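Taking it in order: structure first as C-alpha cells, then the write-up.
The values are calculated or read from the model by the stated rules, or taken from the named source; none is laboratory data. What you are looking at is a predicted structure, and each value in this text was computed from that prediction instead of being measured. Please note that ligands, DNA and RNA were not included when accessible areas were found on the heavy atoms of the full protein model with its side chains. Shrake-Rupley method; radii C 1.70, N 1.55, O 1.52, S 1.80 Å.
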Amino acid sequence: MPTHKQPFSVSRNVELPVPAQGELWTVGAVILNEAGEAFAQKRSPHRRLFPDTWDIVGGHVEPGESLLEALAREVEEETGWRLRHVRRFLGTTTWTGDDGAGLRHEADYLVEVEGTLDRPALEWSKHSTYGWFGPDALDRLKENREPGEFLVHDVIARAMQDRSDWSWHRGVGRHRPVPPAPSPSAVAATP
C-alpha cells in the first residue's frame with residue numbers, strides 16, 4: 001500500500017494505541033468551538049447501537065485503517081469538516097455495545113477541524129440533532145443512558161479539564177456556538 005502524507009498534523013507525544021489482531025476498535029473526536037463548548041450529535045432513535053443518545057464524532061476502524069485514518073474519515077463523514085490537527089489523546093475505553101457485536105476498544109482524541117462549525121453536514125439518516133455543550137450543560141449528555149454508561153459525558157468532561165491548552169482557539173475563525181438544530185422531521189412535526 002503506498003504511503004502518502006496525511007492531510008492533518010499530530011501534536012507531539014499523542015499516544016497511538018496499537019490494536020491487537022482480532023480486536024474491534026473505534027475512535028472518537030472531541031471538537032471544541034472557540035467558546036470551549038464541545039460538539040455532540042444525537043443518534044437517531046432507530047439506530048441499533050445506543051439509539052436516541054448523545055455521541056461524539058467517531059466510529060469503527062475499518063480493516064487496513066490506522067486509528068488516525070479512521071478518525072479523519074469519521075470526522076468528514078459525520079460532519080463534513082476536515083480533521084486539521086490531533087491535539088491530545090484522551091484515553092482508551094473498553095466497552096460492550098447493546099448490538100451483540102461484543103467487546104470494543106475506543107481511542108478518543110481532542111482535535112481541531114476545518115470547516116464552518118455552525119453548519120455541520122450531519123448524516124441525518126443516523127443522527128437527529130446536534131448541539132454545543134459547555135461545562136454547565138454536560139449533564140444533558142447523560143440522557144437515555146443508565147448510570148455507569150456515561151462514556152460520552154466523561155470523555156468530553158476530560159477534554160474540558162485542562163483549559164491551559166485552549167489558547168489555540170484564539171483567532172481560529174468566526175465560529176459561534178449555536179443551539180441544537182432541530183431534525184428535519186422535528187421541524188415538520190412542530191405545531
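Please compute P(r) over all alpha-carbon pairs of region 1-59, binned at 5 Å starting from zero, and give each bin as a whole-number percent.
Taking all Cα pairs of region 1-59, the binned fractions are 4, 12, 13, 19, 21, 15, 11, 5, 0 percent.
Let a ≥ b ≥ c be the square roots of the eigenvalues of the Cα gyration tensor of region 38-128; is it rounded (a/c under 1.5), or, if not, prolate (a/b larger than b/c) or oblate?
On the way: a/c = 1.77, a/b = 1.13, b/c = 1.57.
Verdict is oblate for region 38-128.
Which shape class applies to region 4-158: rounded if a/c is under 1.5, otherwise prolate when a/b exceeds b/c and oblate if not, where a ≥ b ≥ c are the square roots of the Cα gyration tensor eigenvalues? Numbers along the way, then the final one.
On the way: a/c = 1.40, a/b = 1.07, b/c = 1.31.
Rounded shape, in that the Cα axes give a/c under 1.5.
Could you work out the relative contact order of region 29-83? I mean the mean sequence separation of Cα pairs under 8 Å and 6+ apart, divided by the number of residues, in percent.
Details: 62 pairs, mean separation 13.6, N = 55.
25 percent.
Got a number for carbon plus sulfur as a percent of region 78-139's accessible area, 1.4 Å probe? List each step's numbers first, then the result.
Working: 1150 of 2570 Å².
Taking all protein chains in place, region 78-139 shows 45 percent carbon and sulfur surface.
Leaving out ligands and nucleic acids, and using a 1.4 Å probe, what accessible area per residue does region 27-128 come to in Å²? Can you show the working numbers first?
Details: 3920 Å² over 102 residues.
Counting only protein heavy atoms, the per-residue value for region 27-128 is 38 Å².
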